[in-house]
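The values are calculated or read from the model by the stated rules, or taken from the named source; none is laboratory data. The model shown is predicted, which means the values in this text are computed figures rather than measured ones. Every residue, glycine as well, gets a Cβ built from its backbone with ideal geometry; the counts of neighbours run over all protein chains shown. Ligands, DNA and RNA are stripped out before the accessible areas are found, and what is left, the full protein with its side chains, is counted by its heavy atoms. Shrake-Rupley method; radii C 1.70, N 1.55, O 1.52, S 1.80 Å.
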Amino acid sequence: MAEDREPPPLGDAGQTDFREVDEGEDLFVSTVSTIEQLSPTSPEPASLPAEDIRPNSNGPKQEILLDDDQEDLFAEATEEVSLDSPEREPILSDGPSPAITPVTPTVIISPRVDASMFDRSLDEDEEAEENGDTFDMQITVSDPEKVGDGMNAYMAYKVTTKTSLNHFSRDEFSVKRRFSDFLGLHSKLASKYMHVGYIVPPAPEKSIVGMTKVKVGKEDLSSAEFVEKRRSALERYLMRTVHHPALLKDPDVVQFLESTELPRAVSTQALSGAGILRMVNKAADAVNKMTIKMNESDAWFEEKQQQFENLDIQLRKLHASVESLVCHRKELSVNTASFAKSAAMLGNSEDHTALSRALSQLAEVEEKIDQLHQEQAYADFYLFSELLGDYVRLITAVKGVFDQRMKTWSKWQDAQLMLQRKREAEAKLQYANKPDKLQQAKDEIKEWEAKVQQGERDFEQISKNIRREVGRFEKQRVKDFKVVIIKYLESLVHTQQQLIKYWEAFLPEAKAIA
């Protein structure tokens, strides 16, 4: 039994401060998972055989049955700043409202969720997905509006949901949300799901320069483009979130989509207490990642980690190249428009009738080609560049869950190291013949044995979840790239066909010059 097992040797894993990964971000299959409320207490785990508890192993050798209610390993791992705040007034209230300017188109941290509560329901969701398409949900983000004036202004978006899923109160509903609400939703989901190995789609990144232009009321093309890019990114973020079976029925997601009033997500501010804590946590995570040396015995995890590292590098390179292509296409459009204007002016000043007509026709063709270049630059960005940018952030979220697995392993090893120390302390008490303190030492050993067993179960569970999540991610990634590449190629073919059509129509006019 527990008292007879051999003390494990001292491990080389040091004490590690475990922090949450705040960024997590499509995922994946389109089904529904049932989320049940669990009792906050958990029974004491049964003792494991001595040979299954080894400091340098990163996986059990036999099947471990998980209790329905697991102890929260990370309850004391991270000190968080309280984010409670009064509910804000609705955007459109009965009292005097701030100025609302239409834009022309051109957290509260929730308690973490125990890993075991999703295990069975997700398997059922995957089976349902294989048997048929059960996902019926469409979310659109539209009608961006500027609320307020000056630096206190913000953008509000209309979020419209259409669905036949029965866990929503209606088939179609709309709410107003600001950008910080989206960031707050991601923060809540990441805090509940990432530590159990779930890939949470990341929210769009902040842009201080772009939003400052909008706030000061600078109505130019770049501001309009910024608002449209953000609107599109927010829409893709919500669709990726609801495609994940564990997130679809999450109470925070349902509240975000349905509730007219939503508590303000003050934790998303960069200079808030939570924002400072996030920066500290990121720095600690970077240090921990360098100091924790995990002896990986699972070839699958080692292979996948290397695969995602390489994929991240190549996606970033391709993304930079496509962004350069978009800039080149826009510059080509500007130069084509300038050429068309010059040709038209030359045609007006030309005395030769046929040549003047041909130059005027050439100017018209170049104007049409200018429009084609603009449309193709739009397709380059919204079809291809944005997909690559989304997956660069998603790969970061995937690497984040691998880091969480390493933290879970490290905490398991730390528990075994502490158990070893407690046993050594008990042996010293027995040798010193101090029976008054011996019972307390035995109780502490029993407590740490339970923590070691819990750590092993948590490590096994997060490994299982990551395997399933990576499989879902890979399937969705291939599907997304296939759809987007086909659409992108179709846009290129259409552009070239139109170019040929315009030049073929102009050729007789050029030959008519005599």
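Which of (1) out of contact with any Pro (no Cβ under 8 Å at 6 or more places or on another chain); (2) open to solvent by 10 Å² or more (accessible area, probe 1.4 Å) is the odd one out, the single condition LYS192 does not satisfy?
(1)
Which residues, taken from the stretch 496-506, are aliphatic (A, V, I, L, M) and either open to solvent by 90 Å² or more (accessible area, probe 1.4 Å) or in contact with a helix residue (DSSP H, G or I) (Cβ under 6 Å, 6 or more places away or on another chain) (or both)?
ILE500
Could you please find all residues in the stretch 452-473 being open to solvent by 10 Å² or more (accessible area, probe 1.4 Å) and closer than 9 Å to THR408 by Cβ?
ASP458, SER463
Quick check on the stretch 476-492. Is at least one of its residues surrounded by 16 or more Cβ atoms within 10 Å (Cβ to Cβ) and of a type in the set (Lys, Arg)?
yes
Give all pairs with beta carbons closer than 8 Å in which a residue from the stretch 392-407 that is open to solvent by less than 30 Å² (accessible area, probe 1.4 Å) meets a residue that is hydroxyl-bearing (Ser, Thr, Tyr); count only pairs at least 6 apart in sequence or on separate chains.
VAL401/TYR198; ARG405/SER463; LYS407/THR16
May I ask you to list the residues in the stretch 157-188 that are over 21 Å from the mean Cα position of the chain (by Cα) and closer than 15 Å to ARG264 by Cβ?
Of everything in the stretch 157-188, those that are over 21 Å from the mean Cα position of the chain (by Cα) and closer than 15 Å to ARG264 by Cβ turn out to be VAL175, LYS176.
Per-residue answers, yes or no, for (1) of a type outside the set (D, E, K, R); (2) modelled with pLDDT of 95 or more; (3) surrounded by 13 or more Cβ atoms within 10 Å (Cβ to Cβ); (4) in a helix (DSSP H, G or I):
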position: ALA270; (1), (2), (3), (4): yes, no, no, no
position: LYS282; (1), (2), (3), (4): no, no, yes, yes
position: ASP285; (1), (2), (3), (4): no, no, yes, yes
position: SER297; (1), (2), (3), (4): yes, no, no, no
position: GLN314; (1), (2), (3), (4): yes, yes, no, yes
position: LYS317; (1), (2), (3), (4): no, yes, no, yes
position: SER321; (1), (2), (3), (4): yes, yes, no, yes
position: ALA337; (1), (2), (3), (4): yes, yes, yes, yes
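If we keep just the residues of the stretch 195-228 that are open to solvent by 40 Å² or more (accessible area, probe 1.4 Å) and outside any loop (DSSP other than H, G, I, E, B), which is modelled with the highest pLDDT?
Only one residue fits best here, namely GLU225.
Out of all the residues in the stretch 469-480, is one or more part of a helix (DSSP H, G or I), within 30 Å of GLN371 (Cβ to Cβ) and not polar (S, T, N, Q)?
Within the stretch 469-480, one or more residues are part of a helix (DSSP H, G or I), within 30 Å of GLN371 (Cβ to Cβ) and not polar (S, T, N, Q).
Filter the stretch 136-163 down to the residues that are among the charged types (D, E, K, R) and within 12 Å of LEU257 (Cα to Cα), then identify the one that is least open to solvent (accessible area, probe 1.4 Å).
This residue is LYS158.
Here's a check for you: in the stretch 347-386, which residue that is of a type in the set (A, V, I, L, M, F, W, C) and touching an Asp or Glu at 6+ places or on another chain (Cβ under 7 Å) is most open to solvent (accessible area, probe 1.4 Å)?
LEU359
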